[in-house]
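Contents: one structure, followed by commentary.
The values are calculated or read from the model by the stated rules, or taken from the named source; none is laboratory data. As the structure is a computational prediction, the values presented were derived from the model and not from experiment. FYI the Cβ positions are ideal-geometry reconstructions off the backbone, even for glycines, and counts take in every protein chain you see.
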Amino acid sequence: MDLKSLGEFGLIEKIRSQFPVPQSITGIGDDCSIIPQKTGFDTLVSTDMLVEGTHFLLSDILPKQLGWKSVAVNLSDIAAMGGELVGTFLSIALPKHISVDWVEQFMLGYKEISDMFSVPLLGGDTTSSDEKLCINVTVLGKIPTNTSKKRSDAKVGDLVCVTGNLGDSGAGLKAILESVNRSEIVSHLISKHYHPMPRVTEGISLRNCDGVHAMMDISDGIGSDVRHILKASHVGAEINVNSIPISKEMDGACEQFGWNKYELATSGGEDYELLFTIDENYCKQLSIPYFVIGKIVTGDSLKWLGSENDFIGYRHF
Ligand code: ADP
Ligand code: MG
């Protein structure tokens, strides 16, 4: 069977089935692995790889932006559980044409976000690559025992919410790939794509609210990511596309270039906002900005309100 027919998640499931883990540990299937400790905290671990040509174009992204983004996408997975940051590990495979100056600029971006979130770099690996640049960051976090917000805890009746605008990053990527003129609006969208802000503080705030049930970060777009929550929680959902928060820049760019804003908001991916479900009665406890986009229902399917189309999110194969 080829990879396209098996799909990313089919392949991950195949791998998962061969490696059973002890019952106390949460392994493959959530944003982080959760490893209980005797300290009153669980350890959180996640890793993400960025490959030249697949995740970024070396000719377009600045090394400093790439350094920032490599850390940001990882911190986002700790945020997705509601965790606190402990440290990162950086492994890089560098093709020969990369200069020391390039690596220094990359590390400046890596340091800028590490300092902003007070998370130290604790180790890694450095090697050469024949052709493409490849970056892998692993992040460690911690969270009070058994307080992680998992994908599997959504309950029928919950509201489905997100912490911010969706689609800016996807629109930024589209602008890069279609080489559109970099007006102020377009530059704003591209900066959202290159400079995502992980919602670590918001994640901790949501973790401290008992009414928040399931949570994850939005990396592939809600068209894909909501389905992960549904599958893990054995529930369905109705999402109203007209309730999805969209920036005026994204709206303007879609108008100008004839792009489909719903497609970008649901399937563009790489927004790194948090997606969570909450018992409506607890909403007044939330002290962070959030937007209600739908609700959890019985069944196992995702129904879009306000559109005839189905939106499936970003597919890697
Ligand atoms: P995220 O988008 O939050 O980074 P992914 O969709 O990449 O998560 O991965 C889903 C789950 O599958 C995660 O729990 C991740 O750790 C696990 N996973 C992905 N690829 C592999 C792999 N090659 N081997 C083991 N686990 C994997
Ligand atoms: Mg994630």
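List of remarks:
- Residue 55 free of Cβ contacts under 8 Å to residues at least 60 places away in the same chain and closer than 18 Å to residue 271 by Cα: yes
- First in region 292-306 and farther than 24 Å from residue 281 by Cβ, second anywhere and of a type in the set (Lys, Arg) and surrounded by 14 or more Cβ atoms within 10 Å (Cβ to Cβ), Cβ under 7 Å, 6 or more apart: 302/227
- Counting only residues that are within 16 Å of ligand 1 (Cβ to nearest atom) and over 13 Å from the mean Cα position of the chain (by Cα), region 224-255 holds 6 of them.
- Residue list for region 71-124, filter: hydroxyl-bearing (Ser, Thr, Tyr) and in contact (Cβ under 8 Å) with a residue 12 or more places away in the chain: 76, 88, 91, 110, 114, 118
- Taking the listed residues 88, 126, the one that is touching a Pro at 6+ places or on another chain (Cβ under 8 Å) and farther than 30 Å from residue 256 by Cβ is 88, with no other qualifying.
- Applying the set (1) modelled with pLDDT of 95 or more; (2) surrounded by 12 or more Cβ atoms within 10 Å (Cβ to Cβ); (3) more than 28 Å from residue 86 (Cα to Cα) to residue 10 leaves exactly one unmet item: (1).
- Test: residue in region 102-120 that is at positive phi and either modelled with pLDDT of 95 or more or surrounded by 14 or more Cβ atoms within 10 Å (Cβ to Cβ) (or both): yes
- In region 16-38, the residue that is farthest from ligand 1 (Cβ to nearest atom) out of those that are surrounded by 10 or more Cβ atoms within 10 Å (Cβ to Cβ) and in a loop (DSSP other than H, G, I, E, B) is 37.
- Contact annotation: residue pairs with Cβ atoms under 6 Å, 6 or more positions apart or on different chains, pairing a residue in region 28-49 that is closer than 20 Å to residue 18 by Cα and free of Cβ contacts under 8 Å to residues at least 60 places away in the same chain with a partner that is surrounded by fewer than 17 Cβ atoms within 10 Å (Cβ to Cβ) and of a type outside the set (A, V, I, L, M, F, W, C), are 28/16; 33/27.
- For region 198-208, the count of residues that are surrounded by 24 or more Cβ atoms within 10 Å (Cβ to Cβ), farther than 18 Å from residue 279 by Cβ and away from ligand 1 (no atom under 16 Å from the Cβ) is zero.
- The selection criterion, being farther than 23 Å from residue 153 by Cα and in contact with a Lys or Arg (Cβ under 9 Å, 6 or more places away or on another chain), holds for residue 246.
- Residue list for region 46-88, restricted to those being within 23 Å of residue 187 (Cβ to Cβ), more than 16 Å from ligand 2 (Cβ to nearest atom) and part of a strand (DSSP E or B): 52, 56
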